[in-house]
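**Student:** Pasting in a structure now, in C-alpha cells, and then I'll have a few things to ask.
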Number of protein chains: 2
Amino acid sequence: MSGPKKMSGVLSPVVTPFNEDLSVDAERLVRQCRWLLSQDCGLAVFGTNSEANSLSVEEKIDLLDALVDAGLDTNRMMPGTGACAIPDTVRLTSHAVKRGCAGVLMLPPFYYKGVSDEGLFRSFSEVIQRVGDSNLRIYLYHIPPVAQVPITLTLIERLLKEYPDTVAGIKDSSGDWNNMEAMLKQFPDFAMFAGAETFLLQTMRGGGAGCISATANINSAAIAELYANWQSPDAEAMQAKLDDLRGAVMQYPMIPALKASVAHYSGDGEWARLRPPLVELTAEQKAGLIADLDKRGFKMPGLAEGQAA
Amino acid sequence: MSGPKKMSGVLSPVVTPFNEDLSVDAERLVRQCRWLLSQDCGLAVFGTNSEANSLSVEEKIDLLDALVDAGLDTNRMMPGTGACAIPDTVRLTSHAVKRGCAGVLMLPPFYYKGVSDEGLFRSFSEVIQRVGDSNLRIYLYHIPPVAQVPITLTLIERLLKEYPDTVAGIKDSSGDWNNMEAMLKQFPDFAMFAGAETFLLQTMRGGGAGCISATANINSAAIAELYANWQSPDAEAMQAKLDDLRGAVMQYPMIPALKASVAHYSGDGEWARLRPPLVELTAEQKAGLIADLDKRGFKMPGLAEGQAA
C-alpha cells in the first residue's frame, strides 16, 4: 500500500491565537507550531483545544495554507476536519489531503444525539467517497464528553472492513482506559492515540501509537520524552510526573488555562484571548495556575525566543 | 420602534428535501413552503427538523435565496441561523436580515458543553454587533435535549437588558412547562414560542406567541386552527386531538417519520430521503406510522396537488 505512513508519537491539539478583533492570527500560530515541532511534538491543529469549531471552514483552510506555506512538516500534521455537515467535512478534508497532511482527525457529526451506527457509518462513508483520494488517512475522533456522539467498537469494525486503507486510527478522549484497551486488542493494526498523556505508558505497553493531548500544548517535551523512552526503567516515574503536572492544570478550565500558560511563559499576553463561548481565566485563576506550575519548576524552554523570532 | 413586528402563530421547522445525490432540492422546498403557508403555518426553515446543521452555510444561503426569490412571505419566515462558529452565524444571519426575514431562530454555539452564561452572552453580543442591522430580530433557541447548551433565564434577562429591540423572543424545546411558564411571567413582552404544540393552549393562555413544532410539518392546519381559536369552548378538545396525533408520530424517530409522512401523503417518495447521520424509517416502521395516522383519519389536504404544481 502506498500513501502516507501511519502516524505516531505525541501530538498537540494546538491552541489558536486570536487578534483583538477575534480574527485568527496565522503568524503566531506558525511560530507556535514551529516551537512544538522543535519539542518533538506533532500538530493536531483544529482540535477541541484549538477552538476549531469556533472557526469557519474558510478560516481553517486559510490557516492550513499558512502552516503548509511556512514549510512546517506535513508528515506531523493531523488537522481536525469533522463538522456537522458533510459538505463542510469534505471540503476541509479534501484540502488537507491535497496540501499533503499525513492524516486528518475526524469528529462524527455532533449535532444530533442518539444517532445510529448505521447513520454514522453512512456519514464517514459519504465523506470518504466524496474526498475520493487514496492519500486520505482518517483518525476517528472519539470524544463523548464533548461531542456526545460516541464512536463504538462496532462502528470501527465496520469502517475498517470497508475502508482498511483509509481508516487509519483513532484518538480516544473518553478517559475510559477499558475502551482504549479493547481497541488495542480488537484492532491491532489500528493506530490508537490516547486522548490524554495520563494513558501514554499504558497505551505504549499495549501497542498503541501515542497520545494527542491538551497538555502537549505546554508540557510537550516531557510528554515526548516518555513516548521516546517508554521502555526505560524511569518510565513509571516520568508518567507520574506528567500526571502531576496535568493534575495542576486540570484544576482550571482547560482551554483558557492552556492559553494563559502559553501567554505567561512566552511573555506574550495576546495568547490569552479566546473566542466566545469560551472565556479567559479570571486574574485569580491565572495567578493560581502560574503559582501551581512555578512551584513544580515548570518551564516551556525556547518558547519566548520562538515567539520573538 | 421601527423594523419588523414581533412574530406569532404556528411555524413549521420545514423538513428539507434532498436529491438522490443528497444535494438540496430547492424547488421541492419552495412548493412545500407554499403549501405550509396555505395552511396558515409560518416557515421556521433551517431548524432541527430541517437537518439544518447537516447543511453548509453556502447551501443555506442559496436555499434562502430560492425561497425569497419565489415570492414567499418573508414576514412569516424565521430561518435558523445559529452555528458553532461566530463567523458562520454572522454570515447567515446578515443574509437573512438583508433578504427581509422578520426574524431568525438562533441556536447557541453547541460544541462546547458546560459553558458559562458570560460566554454565551458574549457570543450573542458579538453576533448582534457584527450583523449591526436595526432590522435584526433574534428568537433564541433553547433546545437542551439536542444542543445540550441551555439558554437560562439569567442569560435572557441580561440579553433583554442590553438588546431590548433585537432580542425578540424564544423557542423553548425543553419540553419543560415550568421553564416556559417562568419566561411568560418574567418577560411579558418577550415572544415565547413553545417547541411543541403539546403546550400551545397553555402558552396562549399564558400570553405566549404560539408554537414552532416538528409536527407542524404535517398537522399544520389543525395546529393553526387551535392557535386561531384558543379562546373557543372547543379548545381543550382540539388540544387533545393534536396531542393524540403527535403521540402517534412520536413513537417513531421524529425527523424520518415526518419525511415519511410527507412522502406518503404527497405521493412523492423522494421526500423520505435524509442526510447522514440520520436514516430513513424501516419499511416496517413506515407501514406502522402510516397505519397509525390513517386510522385517525389523518390527511394533508392539498399537499399532493401542491407538490404536483
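The values are calculated or read from the model by the stated rules, or taken from the named source; none is laboratory data. Note that the structure is a prediction, hence the values are computed from the model and not measured. Please note: Cβ atoms are built from the backbone with ideal geometry, for glycine as well, and neighbour counts cover all protein chains shown. For accessibility, only protein heavy atoms count, side chains too; no ligands or nucleic acids. Shrake-Rupley method; radii C 1.70, N 1.55, O 1.52, S 1.80 Å.
**Student:** Show the residues, 5+ positions off or on another chain, whose built amide H is closer than 5 Å to the amide H of residue A:273.
**Tutor:** Amide H neighbours of residue A:273: A:18.
**Student:** Helix A:283-294 against the longest principal axis of chain A: what's the angle in degrees, Cα atoms only, rounded to the nearest 10?
**Tutor:** 90 degrees
**Student:** Sort B:4-10, B:83-89 by packing, meaning the average of other beta carbons within 10 Å per residue, with the highest value first.
**Tutor:** Packing order, densest peptide first, comes out as B:83-89, B:4-10.
**Student:** Shifting gears a bit: From the phi of every residue in segment B:60-69, what ³J(HN,Hα) in whole Hz does the Karplus formula 6.51 cos²θ - 1.76 cosθ + 1.60 yield, where θ is phi - 60° and glycine or proline is x?
**Tutor:** The phi angles translate into 5, 4, 5, 5, 4, 4, 4, 5, 5, 5 Hz.
**Student:** Something else about it: How far is helix B:117-131 tilted, in degrees, relative to the longest principal axis of the Cα atoms in chain B, given as a value from 0 to 90 rounded to the nearest 10?
**Tutor:** 90 degrees
**Student:** 7 Å along Cα→Cβ for the label point: how many nanometres lie between residue B:134 and each equivalent label in the other copies, listed shortest first?
**Tutor:** Output for residue B:134: 6.3 nm, nearest copy listed first.
**Student:** Around residue B:80, which amide H atoms from residues at least 5 apart in sequence, or from another chain, sit under 5 Å from its own amide H, with H modelled in the peptide plane?
**Tutor:** The answer is B:45, B:46, B:47, B:105.
**Student:** When Cβ neighbours within 10 Å are restricted to other protein chains, what is their mean count per residue of peptide A:75-87?
**Tutor:** Average neighbour count from other chains, rounded to a whole number: 4.
**Student:** Is segment B:192-309 best put as rounded, prolate or oblate by its Cα gyration tensor, with a ≥ b ≥ c the root eigenvalues, rounded for a/c under 1.5, and otherwise prolate when a/b is larger than b/c, oblate when not?
**Tutor:** Prolate.
**Student:** Once you average over the residues of A:102-112, how many Cβ atoms of partner chains fall within 10 Å of each Cβ?
**Tutor:** 3
**Student:** OK, next. Give the peptides B:193-205, A:282-294 in descending order of average Cβ contacts within 10 Å, highest first.
**Tutor:** The packing order, highest mean first, is B:193-205, A:282-294.
**Student:** Moving to a separate point now. At residue A:304, with labels set 7 Å past Cα in the Cβ direction, how many nm apart are the copies from this one, shortest first?
**Tutor:** 7.9
**Student:** List every residue whose amide H lies under 5 Å from the amide H of residue A:12, counting only residues 5 or more places away in sequence or on a different chain, with H placed 1.01 Å from N in the peptide plane.
**Tutor:** A:42, A:43, A:44
**Student:** Do any trypsin sites (Lys or Arg not before Pro) in segment A:63-119 lie in a loop, going by DSSP, with at most 12 other beta-carbon atoms within 10 Å of their beta carbon, and if so which?
**Tutor:** Of the trypsin sites (Lys or Arg not before Pro), the ones in loops of segment A:63-119 whose Cβ has at most 12 other Cβ atoms within 10 Å are A:113.
**Student:** Which of the residue pairs A:113/A:286; B:98/B:299; B:113/B:241; A:286/B:113 have a Cα-Cα distance greater than 31 Å in the structure shown?
**Tutor:** Violating the 31 Å limit, Cα to Cα: A:113/A:286; B:98/B:299; B:113/B:241.
**Student:** Among the lysines, select those whose C-alpha is under 26 Å from the C-alpha of residue A:185, and discard any that sit fewer than 8 residues away in the same chain.
**Tutor:** Candidates past the 8-residue exclusion: A:5, A:6, A:161, A:171.
**Student:** What relative contact order, as a whole-number percentage, does segment B:201-309 give when Cα pairs under 8 Å and 6 or more residues apart are counted?
**Tutor:** 24 percent
**Student:** Rolling a 1.4 angstrom probe over the protein heavy atoms, how many square angstrom per residue are accessible across the protein assembly as shown?
**Tutor:** Solvent-accessible surface per residue comes out at 37 Å².
**Student:** Rounded to the nearest 5, what % of DSSP beta bridges with both residues in the protein assembly as shown are antiparallel?
**Tutor:** 5 percent
**Student:** With respect to the symmetry axis carrying chain A onto chain B, which residue of chain A exhibits the smallest Cβ distance to that axis, and what is the value in whole Å?
**Tutor:** Result for the axis mapping A onto B: A:148, 3.
**Student:** HN-Hα J couplings of segment A:210-221 from phi, Karplus 6.51/-1.76/1.60, θ = phi - 60°, integer Hz, Gly and Pro as x?
**Tutor:** Once θ is set to phi - 60°, the couplings for segment A:210-221 become x, 8, 10, 9, 3, 5, 5, 5, 10, 9, 3, 5 Hz.
**Student:** Using a 10 Å cut-off on Cβ atoms, rank the peptides B:13-23, A:54-64 from the highest mean neighbour count down.
**Tutor:** A:54-64, B:13-23
**Student:** Next question, about the same structure. Between the helical axis of B:86-98 and the dominant principal axis of chain B, each derived from Cα atoms, what acute angle in degrees is found, rounded to the nearest 10?
**Tutor:** The helix B:86-98 is inclined about 70 degrees to chain B.
**Student:** Now a separate question. From the label point of residue A:288, set 7 Å along Cα to the beta carbon, how far off in nm is each other copy's matching point, shortest first?
**Tutor:** Its label point is 5.1 nm from the equivalent points in the other copies.
**Student:** Under the definition of partner shielding as Cβ atoms of other protein chains within 10 Å of a residue Cβ, what is the mean value for peptide A:22-31?
**Tutor:** 1
**Student:** Across segment A:106-114, in residue order, what do the Karplus-derived ³J(HN,Hα) couplings come to in whole Hz, using 6.51 cos²θ - 1.76 cosθ + 1.60 with θ = phi - 60° and x for Gly and Pro?
**Tutor:** Working through the residues one at a time gives 10, 5, x, x, 10, 6, 6, 9, x Hz.
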